[in-house]
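Here the structure is laid out as structure tokens; the discussion comes afterwards.
The values are calculated or read from the model by the stated rules, or taken from the named source; none is laboratory data. If you're wondering where the values come from, they're calculated on a predicted model, not measured in any experiment. Using ideal geometry, Cβ is built from the backbone for each residue, glycine included, and neighbour counts are taken over all protein chains shown. Note: accessible area is taken over every heavy atom of the protein model, side chains too, but ligands, DNA and RNA are not part of it. Shrake-Rupley method; radii C 1.70, N 1.55, O 1.52, S 1.80 Å.
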Amino acid sequence: MFRRERSIPLRGSAAALCNNLSVLQLPVRNLTHFGVVHGPSAQLLSAAPEGVPLAQRQLQAKEGAGVSPPLITQVHWCVLPFRVLLVLTSHRGIQMYESDGSVMVYWHALDAGDASLVQAVFARGIAASGHFICVGMWSGRVLVFDIPAKGPNIVLSEELAGHQTPITDIATEPAQGQDCVADMVTADDSGLLCVWQSGPEFKLLTRIPGFGVPCPSVQLWQGTVAAGYGNGQVRLYEASTGTLHVQIDAHARAICALDLAPEVGKLLSAAEDTFVHIWQLSRSPEGGYIEVEHCHGECVPDTQVCGARFCDPSGSSFAVTGYDLAEILRFSSM
Amino acid sequence: MSVRTLPLLFLNLGGEMLYILDQRLRAQNIPGDKARKVLNDIISTMFNRKFMEELFKPQELYSKKALRTVYDRLAHASIMRLNQASMDKLYDLMTMAFKYQVLLCPRPKDVLLVTFNHLDAIKGFIQDSPTILHQVDETFQQLTEIYGGLSAGEFQLIRQTLLIFFQDLHIRVSIFLKDKVQNSNGRFVLPVSGPLPWGTKVPGLVRTFNNKGEEVRKVEFKHGGSYVAAPKEGSFELYGDRVLKLGTNMYSVNRPMETHMSGASENLAAQTQESIAPNPLAKEELNLLARLIGGMEIKKPSGPEPGFRLNLFTTDEEEETSRRTKSWLGSWGSLRSWTSQGGVPARAMICLP
């Protein structure tokens, strides 16, 4: 059972985007950072335990050519071996900041050259993989940035081709060892998933085809891909082979966010149907393949959820954002 | 965001505007021939070929202010006149209605069915005018051409673009409050029961497969809602059962259409928004759509067909309340002169010979 905790107020309401909540847990400092996209701006705030808000900052999408102010598509903290960077993607480019958002260390402008008149141009989908940060594009390309241990000397090292439609989300996990080399998965608007092995050159290992609906959110856990789809389904695949192992009719509307508490194997799914569900992942004793058990369902009344994240490593608390809602809702288990 | 959103925004808001005007014309007992003329003039202006051509070009959404200018001109495309307060209220009702429809669309693609519902109803208003009917049918064809082949992902982007446009609008609408589709805090009710989107299965099942693809386990879980599968998919043809009720005329039965403008908390959101009422005193560059509407032949209220004024309020008190709480539109010269006179001016009722 979960109970509602004190909400954290936001300066601006959350935009109707997917994956619209990023959480940076800092247990050592007894702090949690939250990042939410409002529209042309994103709000960062830090809170103490009990949700007491401490500091907040607003970041704007960097202007470029164009009539209207550019909209931000996603904000996400990337935890790298020696530093944490905050990445912001928009319809103009990619902005990278020090983790508190105080200093912009890198700006990459989008090249709309290849886009036809009818295509929207934007970056979306952010994940850290080792000392790389990967960012997805409207074209389906994934940009791989090499991040130094400190300083602004960030270099675009590779451009991955695997998708033909806009990237929606990217997930990574530390490499699992010899048996399982897959450590990154990218998803797109057509529902296609690409599984990669990171390295000085990223290698495409598997393609898992879509079935006519977008895949807005994806996670990777112990060599298993967890994907949330526009028709409310959550599917789990073996990353290295692409074999479907679990299919859950989980939600009544499009899924907008998935999150993992990797240490305990908990998966969180949130959708536009106002529900958040928590699932326990495990390996079956017989075949060693992945199994899922439903743990808990929470209804956030009259709220089109747009972001959800676990707030602690044990998965015993989570936070939720909703379209038009100017607060972060918090839940913790009793 | 998506550059294919403006036609959907314009046509659906236009449809809502026609529903409201039709209801008010009937409520105020405007003679049938005059009422028909007003609707015909507005519809024929809306679906003017040159205008539609410009509308359908891939482009970013207009700002709220720019779009409002377009509707101001559209509402005055005939012999009918609306005062500022009535135009404000009309626009509030239109925008909240379409926001509701977009939010409650089961699938992103269903916004196209909502659009078709509006067009079907518009054709009902102009049954006796074959030329205008033809214009509407042509627009139908264009919609099918452009949107018929879009992917679910592209519709999702269109939906997100529309929701961003409507973000932070929480005007309370009487008809929504009465029907319990809107809460007293201005937020829409999102039901956790009813028909599912086409293509979505009833939540509650976990199926596990082995390496050979054979199902090895099937477990149910309690998902919390009470859903049923959709009976059938709505039709995207020129004629057909749309199935979806969103976008149909909710004013067809005589229903009140007050908006609730009281309460400081309501206006907190309003104050942070840009003022969207166009300033008639400023010589601003009109956006292209507004210029195109303005360039069309407007029926001047002269000769044997005098114009008349339509009112969206049912009581003087209501109109005064609305004017006071909207005082942040202080740039209106006319508004200032009214309030400085210390009272509500004599209401301009319908002028008939």
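List of remarks:
- Extent along the principal axes, Cα only, for segment B:171-220: 57, 19, 15 Å, with the longest axis given first.
- Bridging of B:Lys222 to lysines at a Cα separation below 26 Å is possible for A:Lys266, B:Lys201, B:Lys232, once same-chain residues fewer than 8 apart are set aside.
- Near-label residues of segment A:141-155 by backbone N, under 16 Å of a point 7 Å along Cα→Cβ of A:Met104: A:152-154
- A Förster radius of 56 Å, combined with the Cβ-Cβ distance separating B:Leu169 from A:Ser332, puts the computed FRET efficiency at roughly 0.95.
- For the protein assembly as shown, the fraction of C-alpha pairs farther apart than 45 angstrom is 23 percent.
- Tensor-based shape of segment A:84-198 (alpha-carbon gyration tensor, a/c under 1.5 rounded, otherwise prolate or oblate): oblate
- Over all other residues within a Cβ to Cβ distance under 13 Å of B:Thr131, the charged ones net out to -2, with Lys and Arg as +1 and Asp and Glu as -1.
- Net charge in the neighbourhood of A:His294 (other residues with Cβ under 10 Å of its Cβ; Lys, Arg +1, Asp, Glu -1) is -1.
- Mean per-residue shielding of peptide B:148-157 is 6, counting Cβ atoms of other chains within 10 Å of each Cβ.
- Amide H partners (placed H, <5 Å) of A:Tyr289, local residues excluded: A:Ser284
- With DNA, RNA and ligands ignored, accessible area of A:Thr73 (1.4 Å probe; Å², nearest 10): 10
- Only the Cβ atoms of Lys and Arg (+1) and of Asp and Glu (-1) were treated as charged; on that basis the dipole of segment A:82-156 about its Cα centre amounts to roughly 80 debye.
- Per residue value of the accessible surface for segment A:2-333 (all protein chains in place, 1.4 Å probe), Å²: 35
- Ranking A:Leu110, A:Ser46, A:Thr243 by how far each Cα lies toward the positive end of the dipole of segment A:2-333 (charges on Cβ) leaves A:Ser46 at the top.
- P(r), alpha carbons of segment A:2-333 - 10 Å bins starting at zero, rounded %: 6, 28, 38, 24, 5, 0
- Computed about the Cα centre, the dipole magnitude for the protein assembly as shown is approximately 1540 debye when only Lys and Arg (+1) and Asp and Glu (-1) carry charge, each at its Cβ.
- Using the Karplus relation 6.51 cos²θ - 1.76 cosθ + 1.60 with θ = phi - 60°, the per-residue 3J(HN,Hα) values for segment A:319-334 come to 10, 9, 10, x, 4, 6, 9, 9, 7, 9, 8, 10, 10, 9, 7, 8 Hz, with x marking Gly and Pro.
- Distance between modelled label sites at B:Asn287 and B:Val219, nm, 7 Å Cα→Cβ extension: 5.2
- 1.4 Å probe, heavy atoms, protein only - residues of segment B:1-33 losing at least 10 Å² accessible area vs chain alone: B:Met1, B:Val3, B:Arg4
- Ratio of the Cα radius of gyration of segment A:211-334 to 2.2 N^0.38 Å, where N counts its residues: 1.02
- Share of carbon and sulfur in the accessible heavy-atom surface of the protein assembly as shown [1.4 Å probe, %]: 53
- Segment B:68-80 - phi-based ³J(HN,Hα) in whole Hz, Karplus 6.51/-1.76/1.60, Gly and Pro as x: 4, 4, 4, 6, 4, 5, 5, 5, 9, 7, 9, 8, 8
- Heavy-atom accessible area, probed at 1.4 angstrom with all protein chains present, ranks B:Lys109, B:Lys50 as B:Lys50, B:Lys109, highest first.
- When only the Cβ of Lys, Arg, Asp and Glu is charged (+1, +1, -1, -1), the dipole of segment A:2-333 relative to its Cα centre reaches about 640 debye.
- Neighbouring Cβ atoms from other chains, within 10 Å of the Cβ of residues in B:192-202, number 5 on average.
- DSSP-defined antiparallel bridges as percent of all bridges, the protein assembly as shown, nearest 5: 95
- J(HN,Hα) series, segment A:18-32, from Karplus relation 6.51 cos²θ - 1.76 cosθ + 1.60, nearest Hz, glycine and proline x: 8, 6, 8, 7, 10, 10, 10, 8, 10, x, 4, 9, 6, 10, 10
- Size of segment A:11-80 as Cα extents on the principal axes (Å, biggest first): 44, 28, 20
- The B-A contact accounts for roughly 4100 square angstrom of buried accessible surface, both chains included, probe 1.4 angstrom.
- Full-stretch length increase - A:Arg207, A:Val84 - with 0.36 nm per residue and alpha-carbon distance subtracted: 41.3 nm
- Based on the convex hull around the alpha carbon atoms, segment B:1-136 presents an average projected area of 8.3 nm².
- Placing a label point 7 Å from the Cα of B:Asn210 along the Cα-to-Cβ line, the residues of segment A:232-265 whose backbone N sits under 18 Å from it are A:238, A:243-247.
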